[in-house]
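Asker: Take this structure, written in structure tokens, and hold onto it; I'll ask about it next.
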Amino acid sequence: MLPVQEHTGGMIDRDDFLAWVKSELYEAELALHNGNAAPRRVLWSHQEPVSILGAGRNAYGLQEVEEAFTWLEQMFSDCTSYSFELQAYDVVGDMAYTAGMEHISTSVNGEPRTFTLRATQVYRREDGQWKAAHRHADTVSPAA
Amino acid sequence: MQLDEVISRFHQAINEFAKGNPEPAKDIFSHRADVSLANPWGPPVVGWERVSAALDSAAARFKDGRVTALDALTKHVTTDLACFLDIEHWQAKVGGGDKISLFDLRVTSIYRLEGDAWALVHRHADPITTPQAPDAVLRK
């Protein structure tokens, strides 16, 4: 069970945000690991600052983030499984974050791979829509 | 306390952490049920009891260390939630060794205003400093 905050953000905000994470954001991540970054491009902010401390490389600013998306979509194909294990999140005003683990089976440069990423993402609400603004991800070995 | 003061206190706290003392850092973390910590290696931990225990065991691995420099990369700040990206340059004796090791951490820190004080509600740190395949498993 995820803890419920009593004073921050409205419950409707939190419900709406989680629904977005589990639907649009999930679909965009699934698409990316099938080699299509287009949905992720839509869900990411087009306003600075944006940043990625990625499992593969860092990207600062809109141009480098776009280059990272292109690099990733060319690398990934044939995703057979993608799930996001949400561990912590909050929504406060027009900013939100998620922290959790991404369990991914996809092909990396044509070779099937299964890996788990620890992922932190930060979101801004822009014109009423949630947009990702920061991602930090790294690989983690399964717990011993 | 202002956000700037808390950040400054945390930078002092990680110096203490590198010497093996987790207490100043623990003062800055949120003690709520949704606090989370993704230290290098291993899955993230959630909840104050687990985060506190993880800080204790992480600090116990360090001795005679300090954070020699901190590069601020970018930040996202609102009235009640703030995210900072930094590279921390550490040096410390690690895991009981006698030799000082140098290492850099990429860090995402998320602070939340809790009552009238800012608290660190999430820290994600990893030692990736060079580009690598996204499925590369971290090796020490």
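Asker: Using packing as a proxy for protection, rank A:62-70, B:95-103 so that the peptide with the highest average count of other Cβ atoms within 10 Å comes first.
Answerer: A:62-70, B:95-103
Asker: Can you tell me the order of A:119-128, B:28-37 when each peptide is scored by its average per-residue count of other Cβ atoms within 10 angstrom, highest first?
Answerer: B:28-37, A:119-128
Asker: Distance in nm between label sites at B:Thr68 and A:Gln47, each 7 Å beyond Cα in the beta-carbon direction?
Answerer: 4.0
Asker: For region B:97-103, just list the computed ³J(HN,Hα) in residue order, Karplus coefficients 6.51, -1.76 and 1.60, θ = phi - 60°, integers in Hz, with x standing in for Gly and Pro.
Answerer: Residue by residue, region B:97-103 yields x, 9, 8, 6, 9, 9, 8 Hz.
Asker: Nearest 500 deg cm²/dmol is fine: what mean residue ellipticity at 222 nm does chain A get from its DSSP H runs of n ≥ 4 alone, each adding -39,500 (n - 2.57), divided by its residue count?
Answerer: -7500 deg cm²/dmol
Asker: A further question on this structure: Which FRET efficiency, nearest 0.05, do B:His11 and B:Ile87 yield, Cβ-Cβ r, R0 22 Å?
Answerer: 0.95
Asker: Please list A:96-106, B:6-16 highest first by mean number of surrounding beta-carbon atoms within 10 Å per residue.
Answerer: Per-residue Cβ counts within 10 Å, averaged per peptide and sorted highest first, yield A:96-106, B:6-16.
Asker: Something else about it: Under 5 Å between amide H atoms, partner at least 5 residues away or on a different chain: which partners does A:Asp90 have, H built in plane at 1.01 Å?
Answerer: Counting only residues 5 or more places away or on other chains, the set is A:Tyr97.
Asker: Give the long-range amide H neighbours of B:Thr74: residues separated by 5 or more places, or on another chain, with amide H under 5 Å away, using H modelled in the peptide plane at 1.01 Å from N.
Answerer: Under 5 Å from the amide H of B:Thr74 lie the amide H atoms of B:Leu85, each far enough along the sequence or on another chain.
Asker: Give the angle, between 0 and 90 degrees and rounded to the nearest 10, that separates the Cα long axis of helix B:3-17 from the longest principal axis of the Cα atoms of chain B.
Answerer: Relative to chain B, helix B:3-17 is tipped by roughly 30 degrees.
Asker: Using Cα atoms only, what is the angle between the long axis of helix B:48-59 and the major principal axis of chain B, expressed in degrees (0 to 90) to the nearest 10?
Answerer: Relative to chain B, helix B:48-59 is tipped by roughly 30 degrees.
Asker: Based on Cβ point charges of +1 for Lys and Arg and -1 for Asp and Glu, what charge dipole magnitude is obtained for region A:11-139 about its Cα centre, in debye rounded to the nearest 20?
Answerer: The calculation lands at about 180 debye.
Asker: If you place +1 on the Cβ of every Lys and Arg, -1 on the Cβ of every Asp and Glu, and leave all else neutral, what size is the dipole of the protein assembly as shown about its Cα centre, to the nearest 20 Debye?
Answerer: Roughly 900 debye for the protein assembly as shown.
Asker: Mind running the shape call on the protein assembly as shown? Use the C-alpha gyration tensor, a ≥ b ≥ c as the square roots of the eigenvalues: rounded below 1.5 for a/c, prolate if a/b tops b/c, oblate otherwise.
Answerer: Oblate, since a/c reaches 1.5 and b/c is not below a/b.
Asker: Could you give the nm distance between label points at B:Lys75 and A:Gln74, where each point is 7 Å from its Cα heading toward the beta carbon?
Answerer: 3.6
Asker: Dipole of region B:3-126, Cα-centred, from +1 at each Lys and Arg C-beta and -1 at each Asp and Glu C-beta, to the nearest 20 debye?
Answerer: It works out to roughly 380 debye.
Asker: Rounded to the nearest 10 degrees, what's the angle between the helix A:11-20 long axis and the longest principal axis of chain A, both from Cα atoms, 0 to 90?
Answerer: Between the helix axis and the principal axis of chain A, the angle is about 10 degrees.
Asker: Just counting partner chain Cβ atoms within 10 Å, what average do the residues of peptide B:32-45 show around their Cβ?
Answerer: Averaged over the peptide's residues, the number is 6.
Asker: Per residue of B:105-113, what is the mean number of Cβ atoms on other protein chains within 10 angstrom of that residue's Cβ?
Answerer: The per-residue average across the peptide is 4.
Any read-out appearing in this document is the output of simple, stated calculations on the displayed coordinates, not a laboratory observation. These numbers come from a predicted model, not from an experiment. Virtual Cβ from ideal backbone geometry, glycine too; neighbours counted across all protein chains shown.
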